[in-house]
Amino acid sequence: DSHPMDVMRTGVSMLGNIETEKSFDEQQDVADRILATLPAIICYWYRYSHDGVRIEENTDDDSIGAQFLHLLRGEKPNELHEQVMNVSLILYAEHEFNASTFTARVCASTLSDMHSCITGAIGSLRGPLHGGANEAAMEMIENWTSPEEAEREMLGKLERKEKIMGFGHAIYKDNDPRNGIIKIWSEKLAKDVGDTVLYPVSVRCEEVMWREKKLFCNADFFHASAYHFMDIATKLFTPIFVMSRVTGWAAHVMEQRADNRIIRPSADYTGYELRKVLPIEERAVA
């Protein structure tokens, strides 16, 4: 019953106990090791907890995307699936100072070890306001059987002012360039599996949100259908993000260490205004 993000977080923390970063001179090797280990951690847990299968962690694949799909399915992925997964991992690899990256850099600024910095970043990503948008998008669109139904439901959500995940971005104002790339691959996958529902539903959602709110799809929205077409369980979407973003987190940790000052933000007081305090000698004694 473990949450998959807890598995990822605990896995990295455990690795820090087994293979401790003894010196910052080892940071590149440590980062590479974490990157190489994460697919095995999440796939071993998933296959064992869901199927009762103990998997071999080593494959002969020459890319992380292929290795992940191989471990997850027990067989080598086809060329299209390997391409899509590798593209996905590149698109998610780094995206400047979001919450998890900032967490990693704050931890790094104390001169903590790489495993602690990555563990902290995973903990930050576990929160639903940062991670999980592609999972939420999938849980929404998989319920609709036609573009027309999708439009009706989307309009209803907008009228009720419900939060719709997978749209807009804190940095991008007009479009998310990553979306255009993964959307193309999602369409290719849809054609490959003969889909006539999920991809058209996704496109209609995109059209409705732009028409009604001028909100564009971010990188997460079409990732949902792309992963689904590759038969990846929805609960694994955010762990895949971790597998990718660990490269960006590690790079930020290294950058912080290279020119470090401890990160200590100031705070603005938002409590009560100054209040009159009764002198002690005037207070009643119980």
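Only the coordinates and a few stated rules stand behind these numbers; no lab work does. The model shown is predicted, which means the values in this text are computed figures rather than measured ones. Here the Cβ is made from the backbone with ideal geometry for all residues, glycine too, and neighbour counts use every protein chain on show.
Overview of values
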read-out	value
Point-to-point label distance, Asp192-Asp60, nm (Cα→Cβ direction, 7 Å offset)	2.2 nm
Relative contact order of the chain, defined on C-alpha pairs under 8 angstrom at six or more residues apart (%)	24 percent
Most mobile of Glu159, Glu139, Glu206 in a GNM of the chain (Cα contacts under 10 Å)	Glu159
Separation between Cα centres of region 106-157 and region 245-286, rounded to whole Å	27 Å
Extension gain from Glu149 to Ser13, taking 0.36 nm per residue of separation minus the Cα-Cα distance	44.5 nm
GNM top mover of Phe241, Phe222, Phe24 - the chain, alpha-carbon springs below 10 Å	Phe24
³J(HN,Hα), Karplus 6.51/-1.76/1.60, whole Hz, each residue of region 158-174, x for Gly, Pro	5, 5, 7, 6, 7, 6, 10, 7, x, 10, x, 7, 5, 9, 6, 10, 10
Which of Ile122, Ile232, Ile262, Ile141 has the fewest Cβ neighbours within 10 Å, and the rest in rising order	Ile262, Ile232, Ile141, Ile122
At R0 = 30 Å, FRET efficiency that the Cβ-Cβ distance of Arg211 and Ala233 yields, to 0.05	0.40
Residue exposure sequence - Met209, Met254 - by fewest surrounding Cβ within 10 Å	Met254, Met209
Residue-averaged [θ]222 nm for the chain, counting only DSSP H segments that reach four residues, each worth -39500 (n - 2.57)	-19500 deg cm²/dmol
Residues Asp176, Asp259, sorted so that the one with the fewest Cβ neighbours within 10 Å comes first	Asp259, Asp176
Nitroxide proxy distance, nm - points 7 Å out along Cα→Cβ at Leu274 and Ile184	6.4 nm
Vicinal HN-Hα couplings computed from phi for region 49-64 (Karplus, 6.51 cos²θ - 1.76 cosθ + 1.60; Hz; Gly/Pro x)	6, 9, 10, x, 9, 8, 9, 7, 7, 9, 9, 9, 6, 10, 9, 5
Pairwise FRET efficiency - Arg160 versus Ala93, Cβ, R0 = 30 Å, nearest 0.05	0.25
Gain upon complete extension [Met254, Tyr172; 0.36 nm per residue less C-alpha separation]	26.9 nm
The chain: Cys lacking any partner C-beta under 4.7 angstrom	Cys43, Cys205, Cys217
Listed residues Glu56, Glu21, Glu96, most fluctuating in the chain (Gaussian network, C-alpha, under 10 Å)	Glu56
